1. Identify the single condition in (1) within 21 Å of residue A:28 (Cα to Cα); (2) modelled with pLDDT of 95 or more that residue A:129 does not satisfy, given that it satisfies every other one.
2. Could you go through the stretch B:18-29 and let me know if any residue there is open to solvent by less than 60 Å² (accessible area, probe 1.4 Å), on the phi > 0 side of the Ramachandran plot and in contact (Cβ under 8 Å) with a residue 24 or more places away in the chain.
3. Within the stretch B:98-125, work out how many residues are buried (at least 24 other Cβ atoms within 10 Å of the Cβ) and out of contact with any Leu (no Cβ under 7 Å at 6 or more places or on another chain).
4. Take the conditions more than 7 Å from every other protein chain (Cβ to nearest Cβ) and assigned to a loop (DSSP other than H, G, I, E, B) and apply them to residue A:11. Does it pass?
5. Select from the stretch B:34-54 the residues that are more than 20 Å from the chain's Cα centre (by Cα) and either open to solvent by 20 Å² or more (accessible area, probe 1.4 Å) or under 20 Å from residue B:104 (Cβ atoms) (or both) and list them in ascending order.
6. Please go through (1) more than 28 Å from residue B:86 (Cα to Cα); (2) surrounded by fewer than 24 Cβ atoms within 10 Å (Cβ to Cβ); (3) at pLDDT 95 or above for residue A:3 and return the number of the only condition it doesn't satisfy.
7. Restricting to the stretch A:114-135, name every residue that is out of contact with any Asp or Glu (no Cβ under 9 Å at 6 or more places or on another chain) and aromatic (Phe, Trp, Tyr).
Amino acid sequence: MSIDWINFTPWTSLAGGALIGLAASLFVLANGRIAGISGLLGSVLRFDSEGRSEKVLFLLGLLISPLLWGAFTVMPEIEIKAGWPTLIIAGLLVGVGTRYGSGCTSGHGVCGISRLSARSITATMCFMFAGFATVYVIRHVVGA
Amino acid sequence: MIKLTAFFAGLIFGLGLLLAGMANPAKVLAFLDLAGAWDPSLALVMGGAIAVAIIPLNWARKNKQSLLGAPMQFPMKRELDSRLIGGSLLFGIGWGLAGICPGPALTILLTGHGQIIIFVLAMLAGMYLFNLLERSARPD
């Protein structure tokens with residue numbers, strides 16, 4: 001392992017993380033809901049009537065956040081290296097996996113760990129491990 | 001009021017992802033590449049988020065109502081079952097393939113990067129597929 005000090009962004013990452021924590025706190029303190037993106041999206045997609053407008057509005061806020069960002073400053077770098085076959089497979093796995101696993105990086109990784117849920121801590125260890133292993137296999141075994 | 005707070009929570013969440021670098025799939029993959037030139041930044045995203053959220057979420061866990069009087073909607077499940085573990089492993093593989101998880105996927109959807117539309121459509125198809133499988137497994 002070697003650390004990539006050039007691309008390491010400790011302060012903006014910590015500050016961005018704090019904003020994510022603030023958003024999750026606001027959503028639970030005001031709305032009584034977990035800010036889990038896959039759960040909110042899955043619920044909206046299932047046409048659940050419970051809390052539908054709040055869920056849609058949260059997702060809408062997420063969607064328009066880059067437009068607000070872009071109105072004030074330059075957009076951060078966004079680079080997608082994967083080709084379309086990989087994007088399709090990855091998207092399907094993320095969609096099915098987060099619904100079976102009842103959450104993703106936000107719902108389990110941030111909110112679940114914060115409320116010390118054993119299920120969320122287990123889920124986070126599983127998807128982190130699978131993420132590390134997948135990148136290892138692709139970059140260092142297959143060598144793509 | 002709760003509609004306004006929901007909207008602002010989503011907006012702040014997205015701004016946080018953009019500031020943190022988490023909305024950049026290449027940076028996410030650099031974080032997941034432990035054996036390569038490792039960029040540890042995203043560990044600090046999770047650390048920063050948890051540091052801020054831990055007190056509010058634990059307060060919420062012990063209360064039945066939010067500050068605005070909405071009922072607390074917390075997951076009730078406790079058991080560590082195969083669905084949780086299998087689903088999370090599948091999600092992690094997908095995350096490792098493209099460096100994109102659901103929050104960043106929606107956050108960068110309107111930034112004009114064409115490839116993200118393919119990912120989001122596939123993700124929605126995956127969620128829809130889950131709904132179909134659930135419905136056929138448990139007919140109402």
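1. (1)
2. Yes, some residue in the stretch B:18-29 is open to solvent by less than 60 Å² (accessible area, probe 1.4 Å), on the phi > 0 side of the Ramachandran plot and in contact (Cβ under 8 Å) with a residue 24 or more places away in the chain.
3. The number of residues fulfilling the criteria is 5.
4. No; evaluated as a whole, the condition is false for this residue.
5. Residues satisfying the conditions are B:34, B:35, B:37, B:38, B:39.
6. Checking residue A:3 against (1) more than 28 Å from residue B:86 (Cα to Cα); (2) surrounded by fewer than 24 Cβ atoms within 10 Å (Cβ to Cβ); (3) at pLDDT 95 or above, the one that fails is (3).
7. A:127, A:129
The values are calculated or read from the model by the stated rules, or taken from the named source; none is laboratory data. Model, not experiment: these values are computed from the prediction. All Cβ positions, glycine included, derive from the backbone under ideal geometry; neighbour counts span all protein chains shown. Just the protein is used for accessible areas: all its heavy atoms, side chains included, with ligands, DNA and RNA removed. Shrake-Rupley method; radii C 1.70, N 1.55, O 1.52, S 1.80 Å.
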